[in-house]
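This report refers to the structure that appears directly beneath it.
Read the figures in this text as sums done on the coordinates, not as results from a lab. Since the model is a prediction, treat every value here as computed from it, not as a measurement. Methodologically, a virtual Cβ is constructed for each residue, glycine included, from the backbone with ideal geometry; neighbour enumeration extends over all protein chains shown.
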Ligand SMILES: Cc1cc2nc3c(=O)[nH]c(=O)nc-3n(C[C@H](O)[C@H](O)[C@H](O)COP(=O)(O)OP(=O)(O)OC[C@H]3O[C@@H](n4cnc5c(N)ncnc54)[C@H](O)[C@@H]3O)c2cc1C
């Protein structure tokens, strides 16, 4: 990553009057809060301004999967950095973060080939091949009667958190720290150097960091258009875990391999795409990434589909829902899942690149993850912001 001036000043004393902080962060999603956590570690005073009264954005609607080993290049470096930050934050704030890794299930020779190629490329680091029997056991499938499992790979570096717990717990911890506050129920209407304008009046800070995810277009429509930011909407559900499914590892499948750079960079990835087009065109049509993660209460988060718009239609298509839950049931070796909840998640997306980092005015930075891996990158981005290593997108 190229080096630029960081959005925040070097550490100064944490003694500013109420209403004035070293750093004002807009948005109490994981990207904003990871920056608040890192700012406090750097000795800065922080005000977070959040329009809602609790986090309800992308950061609580996802799988709670810090998907580290499936990244490539600079993003892999940021993701590895993020892992350490997540573990520090979990220890400090007392939320569940499991070093449980991810299991990628292979149900054809081509899927297994992609995993073997990634294993070879990484020299075995972070990619451990699994037999069909080991994969079946991890999924809690007593016997592989259907004979559909060929093998798999375990990615031990991946992390798991409970998305419904982690961001709110981090917010509560931040609020308890000296020099930190979160202004809930306070919408930001505009930003200029040194001042954030809100529905409750101005908030002043030396530096301002805007982390509003996909809503960047509401505050900065021209910037959003220039970076071609769209909303990606995803269908999700929570289901009762089938008897026997107990792993805390995230579980990924062939359609996941088609969405993450580390897999798509492998020689067999093109053949894999043709194969999936052949047997599951409908899944590809909804942009599926068939994956699931188990929550500590034993239920399973199931998803997801990807549809792209500038404005998000509110409707969840039933066929999309059936395709996803049916596909997950197939991997788990059960006929159907008992669904407890369903919802739609939204994140920022752009074909221009995975990150939008722009300095709009002196001391004012906008930072949005525009690739659907904000949980994975959040703490790595925060670390890179404070050591000045984060590249600014032009
Ligand atoms: C279904 C789903 C599955 C996903 N799965 C994964 C995954 O497995 N791994 C992964 O790494 N990532 C995943 N992601 C992506 C990840 O969740 C996001 O990239 C990340 O949560 C973005 O964090 P954020 O803080 O930028 O956004 P958000 O969590 O959306 O937070 C932005 C905050 O800004 C606030 N805000 C907006 N405008 C204003 C304003 N004007 N004034 C004040 N506050 C404002 C909002 O209220 C919100 O609280 C998934 C996303 C979804 C939706």
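Points worth noting:
- Structure remark: mean-square fluctuation, Gaussian network model of the chain, C-alpha springs under 10 Å; the largest value among 138, 79, 36 belongs to 138.
- Residue of 349, 45, 108 that the Gaussian network model of the chain assigns the largest fluctuation, springs spanning Cα pairs under 10 Å: 108
- Note on segment 148-191: the C-alpha convex hull projects to 7.2 nm² when averaged across all orientations.
- Taking a ≥ b ≥ c as the square roots of the eigenvalues of the alpha-carbon gyration tensor, segment 215-327 is classed oblate because a/c is 1.5 or more while a/b is no larger than b/c.
- Prolate is the label for segment 342-384, because the ratio a/c of its alpha-carbon gyration tensor axes (a ≥ b ≥ c) is 1.5 or higher and a/b is greater than b/c.
- Under a Gaussian network description of the chain, with springs only between Cα atoms under 10 Å, the residue in 346, 328, 277 that fluctuates furthest is 277.
- Taking the three principal axes of the alpha carbon atoms in segment 308-394, the coordinate ranges are 56, 28, 22 Å, sorted in descending order.
- Of every Cα-Cα pair in segment 154-224, the percent that sits beyond 14 Å: 73
- Between 0 and 90°, nearest 10: helix 269-279 axis offset from the chain longest Cα axis: 60
- Translational diffusion of segment 14-166, µm² s⁻¹ [Kirkwood Rh, Cα pairs; Stokes-Einstein; 25 °C; 0.890 mPa s]: 137
- Counted over all Cα-Cα pairs of segment 122-248, pairs farther apart than 24 Å make up 60 percent.
- Kirkwood Rh in Å, taken over all unlike Cα pairs in segment 34-117: 15.9
- Derived from the Cα gyration tensor, the three semi-axes of the equivalent ellipsoid of segment 174-278 are 41, 23, 14 Å, largest first.
- Rh by Kirkwood over Cα pairs, then Stokes-Einstein D for the chain at 1.306 mPa s and 10 °C, µm²/s: 74
- For segment 235-293, the share of alpha carbon pairs falling in successive 5 Å distance bins from zero is 4, 16, 24, 21, 15, 13, 6, 0 percent.
- Gained length - residue 271 relative to residue 172, 0.36 nm times residue gap less alpha-carbon distance: 30.9 nm
- Note that segment 77-126, at 4 °C in a medium of 1.567 mPa s, gets a Stokes-Einstein diffusion coefficient of 98 µm²/s from its Kirkwood radius over C-alpha pairs.
- P(r), alpha carbons of segment 50-99 - 5 Å bins starting at zero, rounded %: 4, 17, 19, 24, 21, 10, 4, 0
- The stretch between residue 131 and residue 109, if pulled fully straight at 0.36 nm per residue, gains 6.7 nm over its current Cα-Cα span.
- Length gained on full extension, residue 226 to residue 391: 57.7 nm, using 0.36 nm per residue less the C-alpha separation.
- Exposure proxy ranking for 236, 375, based on other Cβ atoms within 10 angstrom of each Cβ and starting from the fewest, stands as 236, 375.
- Cα-based radius of gyration of segment 245-394 once divided by 2.2 N^0.38 Å, which approximates compact folds: 1.22
- Across q = 0.11, 0.12, 0.16, 0.20 Å⁻¹, segment 94-195 modelled as identical point scatterers on its alpha-carbon atoms has Debye log10 I(q)/I(0) values of -0.58, -0.63, -0.79, -1.01, in the order of the q list.
- Two-decimal log10 I(q)/I(0) for segment 273-339, as the Debye equation yields it once each C-alpha is a single scatterer, q = 0.24, 0.28 Å⁻¹: -1.13, -1.30
- The convex hull around the C-alpha trace of segment 107-158, projected and averaged over every direction, spans 3.5 square nanometres.
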